[in-house]
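Some notes on the structure that comes next.
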Amino acid sequence: MRQVCTAVSIRAEEITVLLARKTAIVHGGSGAVGAAVARAFAREGAAVHLTGRTVPPLEDVARRIQDEGGVAHVAQLDATDRDAVDRHADAVAASGNGIDICFNATSNDDMQGSPLLDMALADVLRPVTKAVTTTLTTATAAARHMVRRGSGVLLVMAGGRETIPDLGGSHITWSALTGVCRQLAAELSPQGVRVSWLLSPGSPAPGEENRADKAALLAERPAYDDVANAAVFAASSWARTMTATELNLTGGLVPD
């Protein structure tokens, strides 16, 4: 019996918590992607600050994190409001030991299902403008604190290498975000701040059959937990040499 207990103890000591004592901000923390990422960050030891425009769903995510033994805080925030985002980042940094991770999972308010020839210009540009605005406001607000410490990670959902019709402004938006991420990486990485983005073909909703596009090489799309686990890796020291990098979760739909 003593030998069994000793073996269990050794295995427990070998468990690695990837984000211990880290502080993470997840903008859009009540959405499917944001909530999954926030829970994964908390599971790996980070204190998570959730933001969004509506408080009750954020509180639901925070309660779930707390029930799972994690630390979560909630703030109502419009990610397009640069002054408000700056104030929030200042408050988060002051409440602990700075900001280690910032993940932007805010929605882009895009319209899909119509070819560009049939769309109004405003409908095409709306998600581009919103996504670039929220990415720049959230990333720069956090990065100002990261640069002072010489470390930090900025993460975004982006892409833009797909060739799929009838995506409206979505594909243009993802391409724009990739460009923003590359420039942020070029400017911030020499100061210790890494920047990466995740490319996902979309995850199945709860209860939906998980079947990938026929052109994909793998049979299933990434679940939200798969996306979240990739974000954990990208945010951790295990990815310390990765920046200006896309994490391709498309199952071969978009080959590298």
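FYI, it's all coordinate maths here, none of it is from the lab. Since the structure is predicted, the reported quantities are computational estimates derived from the model, not experimental observations. Cβ atoms come from the backbone with ideal geometry, glycine included; neighbour counts cover every protein chain shown.
So here's what we get for this one:
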read-out	value
Residue with peak Gaussian network fluctuation, the chain [Cα springs, cutoff 10 Å], from Pro127, Pro165, Pro206	Pro206
Spin-label pair Gln76/Leu117, simplified geometry with 7 Å Cα→Cβ offset, distance in nm	4.6 nm
Linear extension gain, Val17 paired with Ser175, 0.36 nm per residue minus alpha-carbon span	53.6 nm
Nearest-ten-degree value, helix 32-43 long axis tilted from longest Cα axis of the chain	20 degrees
Debye, to nearest 20: dipole size of the chain, +1 on Lys, Arg Cβ, -1 on Asp, Glu Cβ	860 debye
Compactness relative to 2.2 N^0.38 Å, alpha carbon Rg of the chain	1.04
Whole-number percent relative contact order across the chain, with pairs defined as alpha carbons under 8 Å at least 6 apart	18 percent
FRET efficiency for Lys214 and Val132, using Cβ-Cβ distance with R0 set to 30 Å, rounded to 0.05	0.40
